[in-house]
Amino acid sequence: MIPLQAMCLALVALGALAVVVARDVVRQALVLSLYGFALVALFVVYQAPDVALSALAVGGVAYPLVLVAAIARVNETQRRRKR
Amino acid sequence: MTTRGRTALFLAGAGGLGALLLWGLAGLPDFGHYAGPYGDILVHVAKPQRNIANVVTGVVFDWRGFDTMGEELILFGAVVGVAMLLRETREHDVADVVDAVRSDAVRASGLVAVPVTFVLALSVIAHGHLTPGGGFQGGVVASAAFALVFLSAEYRAYHRIGGTALWDSVEGTGAGAFVGLGLLALALGLAFLENFLPLGTWNTLLSTGSIPLLNWASGVAVAAGFVLVYGEFLQETMAVRHGKAKP
Amino acid sequence: MSYLPYALGAWVILVGLFGIVRSRNLIHLAVCVSVVQSGTYVLLLAIGYRDEGTAPVFADIPLSRKTVDPVVQALTLTDIVVAVCVSALLLTLAVHSYRRTGSLDPSEIAELKG
């Protein structure tokens with residue numbers, strides 16, 4: 001158990017840093033989804049299946065959909081302005 | 001203030017905050033040696049007092065049901081806020097937007113994925129008090145089934161089934177049912193949100209009293225809330241993309 | 001060594017704060033706020049963990065088995081719902097502000113300058 005936990009902790013730490021350092025929002029949306037999956041792995045290793053299910057549903061579907069829709073709306077206007 | 005100055009100021013503050021956090025966290029019991037009494041007491045009384053197998057669902061919907069009611073109302077308020085801020089485009093402006101997915105593979109896999117996801121969501125909500133799951137998790141998966149309709153077909157299909165007239169009332173019904181069940185307990189002479197149905201047999205669907213009812217109320221409210229939020233964001237994007245709203 | 005899980009919670013919170021301070025895009029800022037909130041989930045679940053403990057679901061295990069704490073898991077569930085609501089509202093505000101001022105950069109929007 002201990003090496004598995006240590007690896008999940010390291011993945012979450014690196015994932016958080018990667019989400020924050022990503023400058024382009026589209027790239028950040030993708031890295032956020034990967035960070036969400038790293039969090040789910042950590043929750044499973046912490047023996048919390050309810051929380052893992054919740055984080056999976058939210059970080060896999062609800063949050064990326066809303067985020068990408070907001071990004072698309074902003075990019076759409078920028079594309080129209082450039083024309 | 002320049003970015004550099006802001007970063008330097010932040011690093012100074014973060015150093016202090018980090019040191020304070022680490023010093024405070026050092027006072028906790030060692031990792032893996034959870035000492036607190038409440039978790040042990042709840043695990044001990046889960047079967048005799050409530051006949052529930054999933055203790056976390058019991059905490060969420062029974063022992064701390066009041067907090068969950070607050071959480072449902074936070075979701076309700078957030079949906080109201082999103083709708084108010086984004087609802088400048090009127091719905092019939094976007095009802096005829098054509099933006100179909102062209103790939104047959106995506107449409108076919110959507111045809112399979114949508115009903116399977118929906119049934120999975122219903123199962124997760126129904127078995128919330130027995131296995132990991134519950135109202136919130138199942139509600140988000142149910143809203144994902146509707147989002148899959150948009151992703152695999154086209155926006156018009158989502159607009160037709162995710163219409164606000166229906167889902168507004170469904171969400172209100174879910175949130176209202178949660179509070180209503182609490183008031184019903186009050187009317188029966190018990191405390192607000194107290195368990196008022198017979199506890200049933202261990203590990204069956206009809207056990208644990210009124211917790212499955214609260215589960216369904218919260219699942220319905222959460223699913224409807226998320227469908228509404230997706231609808232608002234997608235409507236905004238589609239309207240701008242097809243020139244129906246000022247960019 | 002046993003201190004690392006708690007330190008991870010503090011690390012994620014501070015990293016998220018760093019992202020908020022250095023952000024030049026309102027949508028990037030909303031995502032960094034959600035990173036800060038995820039730091040609290042990690043900290044809560046680390047507090048409730050017990051060595052050799054299993055998930056507090058007794059559908060298929062004997063009742064005498066050692067489990068982890070169920071209360072912090074319930075708290076984390078509520079935390080995740082609140083985080084989604086906050087993020088949805090922040091993204092809505094970013095889109096709305098973009099509609100009004102034409103920019104997503106906090107330093108260009110007069111009301112948010114500083």
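All of the numbers you see were taken from the coordinates with simple rules; none came from a lab. The structure presented is a predicted model; accordingly, all values stated were derived computationally and were not measured. Backbone-built Cβ (ideal geometry, glycine too); neighbour counts: all protein chains shown.
Quick look at the numbers
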read-out	value
Whole-number percent relative contact order across the stretch B:21-161, with pairs defined as alpha carbons under 8 Å at least 6 apart	24 percent
Rg in Å to one decimal, and Dmax rounded to a whole Å, for the stretch B:120-204 via C-alpha atoms	16.8, 51
222 nm mean residue ellipticity, helices alone, for chain C (DSSP H n ≥ 4; -39,500 (n - 2.57); rounded to 500)	-22500 deg cm²/dmol
Rel. contact order, % - alpha carbon contacts under 8 angstrom, at least six apart, the stretch C:10-114	29 percent
Sorted by Cβ density within 10 Å, fewest first, the residues C:LEU14, B:LEU190	B:LEU190, C:LEU14
Alpha carbon Rg of the stretch B:4-85, scaled by the compact-globule rule 2.2 N^0.38 Å	1.77
Burial ordering of B:MET1, B:MET69, B:MET238, fewest other beta-carbon atoms within 10 Å first	B:MET1, B:MET69, B:MET238
For residues of C:103-110, the mean tally of beta carbons on other chains within 10 Å	1
Proxy reagent accessibility, fewest Cβ within 10 Å first, across B:ASP104, A:ASP24, A:ASP50, C:ASP51	B:ASP104, A:ASP24, C:ASP51, A:ASP50
Within 10 Å of each Cβ in B:215-227, the average number of Cβ atoms from other chains	1
Calculated Rg and Dmax of chain A using C-alpha coordinates, Å	15.7, 57
Reduced Cα scattering model of chain B, Debye log10 I(q)/I(0), q = 0.11, 0.12, 0.13 Å⁻¹	-0.79, -0.88, -0.94
Per-peptide average of other Cβ atoms within 10 Å, ordering B:114-123, C:92-101, B:135-144, C:29-38 highest first	B:135-144, C:29-38, C:92-101, B:114-123
Within a Gaussian network of chain C (alpha carbon springs, distance under 10 Å), most fluctuating of C:SER23, C:SER103, C:SER64	C:SER64
Gyration tensor verdict on the stretch B:159-209 (Cα atoms; rounded if a/c is under 1.5, prolate if a/b is larger than b/c, oblate otherwise)	oblate
Centroid-to-centroid separation of the stretch C:60-93 and the stretch B:177-220 [C-alpha atoms, Å]	21 Å
Cα-based shape type of the stretch C:34-114, given that a ≥ b ≥ c are square roots of the gyration tensor eigenvalues and the cut on a/c is 1.5	prolate
Partner chain coverage, peptide A:5-17 - average Cβ within 10 angstrom	5
Length-normalised contact order for chain B - Cα pairs under 8 Å, 6+ apart - percent	26 percent
Over the protein assembly as shown: Rg over Rh, Cα atoms, Kirkwood Rh	0.98
Measure of compaction for the stretch B:3-150 (Cα Rg per 2.2 N^0.38 Å)	1.60
Separation in nanometres of the label points that stand 7 Å from Cα toward Cβ, at A:LEU14 and C:LEU4	1.3 nm
Partners for B:LYS244 among aspartates and glutamates (Cα-Cα distance below 13 Å; same-chain residues under 8 apart left out)	A:GLU76, B:GLU88, B:GLU91, B:ASP93, B:ASP96, B:GLU236
Principal axis box of the stretch C:1-73, alpha-carbon based, largest edge first, Å	54, 28, 14
The stretch B:105-247 pair-distance distribution - Cα-Cα, 5 Å bins, rounded %	2, 10, 15, 17, 17, 13, 9, 7, 5, 3, 2, 0
